[in-house]
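Engineer: Structure provided below as structure tokens; questions to follow.
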Amino acid sequence: MTLGVNLDRRKFVTVTLAGGAMVTVGMAFLGSRYWQSMVPPSGDRNPYRAWQGPAGETQQDVRLWALSYALLAPNPHNLQPWKIHAGDDNTLTLRHDARWLLPETDPFARQLTIGHGAFLELLRMAAAERGYALKVKLFPEGQEEDYAKAGAVVAQVAFTPGQPEKDPLFAQVLNRRTDRDPYDMAKPVSAVEMATVLGKANPPVTMGMSLAGQPQHEALTNLAREAYRVELSVPRIWKESVDVMQVGEREISLRPYGIALRGNMIALGKTFGALTHEEMLPVGSSANKIGLEKGSAAITASPAFGWITTRGNTRAQQILAGSVYVRQHLQATALGMTMQPLSQALQEFPEMAEVRAAMNVATATPAGATLQMFYRLGHPMVQVPPAPRRPLASLMV
């Protein structure tokens, strides 16, 4: 079954059923299921509440206040894999919640570790706003490959009162968005803007950029599109994404994590049963084809690409890459631009090996170094909503 809007969008929808029959349905007869798929709930059940800033009850404990900003960090598939224990001595312990893993696309938890780095960077920035510096001890129990599966400690954090310098990028934390739509190709990213986003390189991290019109940019566009095609064409890889898709605002409010599918047509598809997980799952399904089409179109409409490389691939370097990335994203937001990670080409599953090797060549990544992040950058065509977030209480032990 496919869906299309016809006549007055406020009153009618034309539904194309299997077999080609066309039925025009009055919106008044769609019932509550449609509207539940369109409108997020209010109050504490609003999955976007976190983007309004800390709630009143978090004001007294600086750790909870800072965590209210840290949980807005970008992270793979929006799984929010943070498990936090607040000690009695102004400390926090951050663990990887072993329930949230991506064994197919992120078998070594490299991307998830980068997400922890972004989390810790926002935590540091928020603490500084309240006059606290952080003392962070990374991986006190070791950095073994399977630490994420074991749910081991990522970091022990102590809040120390003082006079740390406030970070001007903190003002953009609530405004940052991951924009998966096409960017404005009529408004190119200048070399100065790109350099401002990249910031200064500090070993063991280096950065690179490519602007539209450069030969390298065309090569990177083709590789990013091919990587997207590979990810959506391998059944077990596609399934990993489908498993964490939340379709419509009602599902998003019940499970405010994963890949949020929103909008008028999404709500109609949900209402008429065309966007169930079972319907989406086969490679070649309508959802799979539409996803590939939309993703490829967005990649094509990318005025600039940027990337982050580390000298090696230790867990600490992955944490550092996450810190650098979220700062770059905040800087882009401050400049009125938007970003989206294109992690597909860097994933470590076997079918992506050829594309990943080509990406290393295209970005001149030296032997022994690791391409940790690759992203698109540009000026937005429309303003996109934020990603849903679980409430802070659900992340606390």
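Engineer: For region 321-342, check the following and say yes or no: at least one residue is assigned to a loop (DSSP other than H, G, I, E, B), open to solvent by 10 Å² or more (accessible area, probe 1.4 Å), at pLDDT 95 or above and within 30 Å of residue 139 (Cα to Cα).
Structural biologist: no
Engineer: Out of region 74-99, which residues are under 17 Å from the mean Cα position of the chain (by Cα) and either loosely packed, with under 15 Cβ neighbours inside 10 Å or without any contact (Cβ under 8 Å) to a residue 40 or more places away in the chain (or both)?
Structural biologist: Residues satisfying the conditions do not exist here.
Engineer: Which ones in region 294-320 are among the aromatic types (Phe, Trp, Tyr) and open to solvent by 10 Å² or more (accessible area, probe 1.4 Å)? Step through it out loud before you land on a result.
Structural biologist: Taking region 294-320 first, the residues among the aromatic types (Phe, Trp, Tyr) are 305, 307.
The answer is 307, and nothing else.
Engineer: How many of the residues in region 257-289 are part of a loop (DSSP other than H, G, I, E, B) and either open to solvent by 20 Å² or more (accessible area, probe 1.4 Å) or more than 21 Å from residue 40 (Cβ to Cβ) (or both)?
Structural biologist: Final tally of qualifying residues: 13.
Engineer: Right, next: Checking residue 210 against (1) among the polar types (S, T, N, Q); (2) out of contact with any strand residue (DSSP E or B) (no Cβ under 7 Å at 6 or more places or on another chain); (3) open to solvent by less than 20 Å² (accessible area, probe 1.4 Å), only one condition comes out false. Which one?
Structural biologist: (2)
Engineer: Of the numbered conditions (1) under 17 Å from residue 77 (Cβ atoms); (2) assigned to a loop (DSSP other than H, G, I, E, B), residue 251 satisfies every one except a single condition; which is it?
Structural biologist: (2)
Engineer: So which of 186, 219 ends up being among the small types (Gly, Ala, Ser) and either touching a strand residue (DSSP E or B) at 6+ places or on another chain (Cβ under 8 Å) or over 29 Å from residue 313 (Cα atoms) (or both)?
Structural biologist: 186 is the lone residue from the list that is among the small types (Gly, Ala, Ser) and either touching a strand residue (DSSP E or B) at 6+ places or on another chain (Cβ under 8 Å) or over 29 Å from residue 313 (Cα atoms) (or both).
Engineer: Considering only residues that are open to solvent by less than 30 Å² (accessible area, probe 1.4 Å) and of a type in the set (Ser, Thr, Tyr), look in region 31-47 and name the one that is modelled with the highest pLDDT.
Structural biologist: For region 31-47, the residue satisfying everything is 37.
Engineer: Another question, if that's okay. List, please: which pairs have Cβ atoms under 7 Å, are six or more places apart or on different chains, and start with a residue in region 209-229 that is under 12 Å from residue 342 (Cα atoms) and end with one that is open to solvent by 80 Å² or more (accessible area, probe 1.4 Å) and of a type in the set (Phe, Trp, Tyr)?
Structural biologist: none
The values are calculated or read from the model by the stated rules, or taken from the named source; none is laboratory data. Keep in mind the model is a prediction, meaning the values are calculated, not measured. Positions of Cβ are backbone-derived with ideal geometry, glycine not excepted, and every protein chain shown enters the neighbour counts. Surface accessibility is based on the protein's heavy atoms, side chains included, excluding ligands, DNA and RNA. Shrake-Rupley method; radii C 1.70, N 1.55, O 1.52, S 1.80 Å.
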